Amino acid sequence: MASIGSWWRVVQNEKDRSSGLESDFEYRERWITIRLVYVSGFLMFLSFGVVTTGLWPYLQDMDPTVGKPFLSVVFAAPPAGQLIFSPLIGWCSNRLSSIRVPFVILTALFVFGNGLYSVVELFPTPHRRYVLLLARFVFGISTSINTLSRAYISTATKLSERTGAISMSSLAQTFGLAVGPIIQAALSTIGKEGLMWYGLRINMYTMAGWICAALGVVYILFLKPSCFVHRTIAAQEAMKTTGFSKATDTYEPLKMFSIWTVMIGYSVLMFFYVSVQTALSPISLDQFGWSHEESLYYLGILITGGTLCSCAVFLLLPQLCKRFQEHNVFLFFAIVPLFISQVVMIPMGSKSIPMLDSSNNRSTGVGGGGGCPIEQEWCNSIPPINQYQLTISYTMLCISFSVGIAISQTILSKLLGTRPQGNWMALYTSIGGLTRIIGPASVVVYVRFGTYWLFGLGAMISGLLLIWMWCYKSHLRTTKKINHAEEMQRMANGVAE
């Protein structure tokens, strides 16, 4: 209880105070700012969760002639905005003495994007789809704030604090993603007709945008100079440890092989997570013969359980990294579960996949359900995936993703050292944006070639990544090397407990 109270009061402990790196007042300012940075991640992912749930029906209401191909473009707009602008934001962060002004500007874009999303109806019908596309693109630009957040946390935390800070940042994002659909479900009581207020329609879709915009305005108020104080400590810690008097003297040569190994591992993790999330709906409709209502209900339970699992992992990760070295955590708790998640989904058995009635023209992902469409000929020769396979696979994937995104960022920041990390964190963020654009292509593989190809390729790629990481895991080491037998004994003890 004392540690929880200390966390809320932002009190420096005696060990930190004795280091002499900062006063109690500076410590408090630094951690208040770090926690404000956490909130930015929560806001971005909250908006993504609350808006994405109702995006397709809202788009149809605004323009009944729009088709699903344009919906794919709208879904790709936010990651495209992030992909394009993250490098610019990262470049700027390396050259500014404070990230407060960019934070205010990007949050203002967040408010504008969500506000524009809510007033699409004010525009002529032929233009509404493009206004909505612009709103989502502007929102994507605002999510470049994640680049600033990652770069700042890397320089505003000591080595001993970094894993915990990054885990809490990831937890805030996951919590926002979980709360978003709940808010949209609650707003469904308003209905799509809603009411008119000063010429603006307030309904279940527009209210979601207004809530996010209002939260963005409140957040900007907390970004005033007295609350958001840019403080760094990583360079000071390095100078005290090494005895150098200049921060630039503490820069170590970049280990490019190690850095790109982390980047590749992160990109593969992100790609598979996005791919499986995209394919969940068509898989459940085809493989289990569920209706759309059953699919929404059961997948809602599965995704909620996965989100809770992710939250638990983020909370436990700092303690896990105290017992095991971070490169081993990345290998055994991120890459291995990823491989398991793909292998488990390979179909087995002799049962047949339920097929749609030949008189029904519905097809996967277009509004069908209740079985595999006859157009997917592979359904006649491949056994179905069962619910247990899907549950185990998704659980493994959530563990892999949660550990992977947090620990890969931690390892990357420590490999980069005390130098400004804006450009590298921009690249890290852009990789995430790129995988969210190309990840949905997995549905094409599923529809055309089936589950053997989809998850067989997934098992092969993740297996090659596992072998690569196993062979070169020592290159990801960020702490002093310890005896191998001692490390294995610690891991064995951890498993036994």
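³J(HN,Hα) across segment 446-457 via Karplus (A = 6.51, B = -1.76, C = 1.60, θ = phi - 60°), whole Hz, x for Gly/Pro?
Once rounded to whole Hz, the list reads 4, 5, 7, 10, x, 6, 4, 5, 4, 8, x, 5.
With +1 on the Cβ of every Lys and Arg and -1 on the Cβ of every Asp and Glu, and nothing else charged, how large is the dipole of the chain about its Cα centre, in debye rounded to the nearest 20?
The dipole of the chain has a size of about 1260 debye.
Rounded to the nearest 0.05, what FRET efficiency do Phe70 and Tyr388 give with R0 = 56 Å and r taken as the Cβ-Cβ distance? Could you check?
Calculated transfer efficiency: 0.90.
Show me, for segment 238-245, the HN-Hα J-couplings you get by feeding each phi into the Karplus relation (A = 6.51, B = -1.76, C = 1.60, θ = phi - 60°), rounded to Hz, glycine and proline as x.
After applying 6.51 cos²θ - 1.76 cosθ + 1.60, I find 5, 5, 5, 6, 8, x, 6, 9 Hz.
Say each of Ala108 and Ala214 gets a label point 7 Å from the Cα, pointing the same way as Cα to Cβ; how far apart are those two points in nm?
In this crude label model, Ala108 to Ala214 measures out at 2.3 nm.
Fully extended, how many nm does the chain gain between Met263 and Ser19 (0.36 nm per residue separation, minus their Cα-Cα distance)?
Full extension from Met263 to Ser19 adds 84.5 nm.
Run the accessible area of segment 127-256 with a 1.4 Å probe and give the carbon-and-sulfur part as a rounded percent.
Within segment 127-256, the accessible surface is 68 percent carbon and sulfur.
Once phi is turned into ³J(HN,Hα) by the Karplus curve 6.51 cos²θ - 1.76 cosθ + 1.60 with θ = phi - 60°, what whole-Hz value does each residue of segment 177-183 show in order, with x for glycine and proline?
Running phi through 6.51 cos²θ - 1.76 cosθ + 1.60 with θ = phi - 60° gives 5, 6, 6, x, x, 5, 4 Hz.
Treat each spin label as a single point 7 Å out from the Cα along the C-beta direction, and report the Ser160 to Leu254 distance in nm.
Calculated label separation equals 3.0 nm.
Seen from all sides and averaged, what is the projected area of the convex hull of the Cα atoms in segment 75-152, in nm²?
Taking a quarter of the hull surface, the average projection is 5.1 nm².
Taking the Cα centre of segment 22-250 as origin, sum charge times position over the Cβ atoms of Lys and Arg (+1) and Asp and Glu (-1), and report the length of that vector in debye to the nearest 20.
Charge dipole of segment 22-250: 220 debye, to the nearest 20.
Taking the Cα-to-Cβ direction at His127 and at Leu316 and moving 7 Å from each Cα, how far apart do the two end points lie in nm?
So the label points at His127 and Leu316 sit 5.4 nm apart.
With every protein chain kept in the model, how would you rank Cys471, Cys311 by accessible area, 1.4 Å probe, largest at the top?
So, going from the largest accessible area down, we get Cys471, Cys311.
What are the equivalent ellipsoid semi-axes of segment 144-228, built from the alpha-carbon gyration tensor (square roots of five times its eigenvalues), in whole angstrom, biggest first?
For segment 144-228, the ellipsoid semi-axes come out as 35, 17, 8 Å.
Along the Cα-to-Cβ line of Tyr198, 7 Å from the Cα, sits a label point; which residues in segment 83-119 have backbone N less than 19 Å from it?
Hits in segment 83-119 for Tyr198 at 19 Å: 111-119.
Can you tell me the accessible area per residue over the chain, all protein chains present, probe 1.4 angstrom, in square angstrom?
46
Can you tell me the orientation of helix 422-438 relative to the chain, as the angle in degrees between its alpha-carbon axis and the longest Cα principal axis, to the nearest 10?
That helix lies at roughly 10 degrees to the long axis.
Kindly state, to the nearest 0.05, the FRET efficiency for Ser291 paired with Ser226, given R0 = 45 Å and r defined as their beta-carbon distance.
Efficiency, from the Cβ-Cβ distance: 0.25.
Towards the positive end of the charge dipole of the chain, with charges on Cβ (+1 Lys, Arg; -1 Asp, Glu), say which of Leu315, Ile34, Ser462 has the farthest Cα.
Of Leu315, Ile34, Ser462, it is Ile34.
I need the trypsin sites (Lys or Arg not before Pro) found in segment 50-145, filtered to DSSP loop residues with at most 10 other beta carbons within 10 Å of theirs.
Within segment 50-145, the qualifying trypsin sites (Lys or Arg not before Pro) (loop, at most 10 other Cβ atoms within 10 Å) are Arg95.
Under the 0.36 nm per residue contour assumption, what length would be gained going from the current alpha-carbon distance of Ala186 and Glu377 to full extension?
Gain in length upon complete extension: 64.7 nm.
Which value, to two decimals, describes the C-alpha radius of gyration of the chain once divided by 2.2 N^0.38 Å?
Taking N as the residue count of the chain, the ratio is 1.02.
How far, in nm, would the chain grow between Arg448 and Arg323 when pulled straight, counting 0.36 nm per residue and subtracting the alpha carbon separation?
Value of the extension gain: 40.5 nm.
The values are calculated or read from the model by the stated rules, or taken from the named source; none is laboratory data. Remember, predicted model here, so these are calculated numbers, not experimental data. Glycine gets a Cβ as well: all are built from the backbone with ideal geometry, and neighbour counts include every protein chain shown. All accessible areas refer to the heavy atoms of the entire protein, side chains included, with ligands and DNA or RNA removed. Shrake-Rupley method; radii C 1.70, N 1.55, O 1.52, S 1.80 Å.
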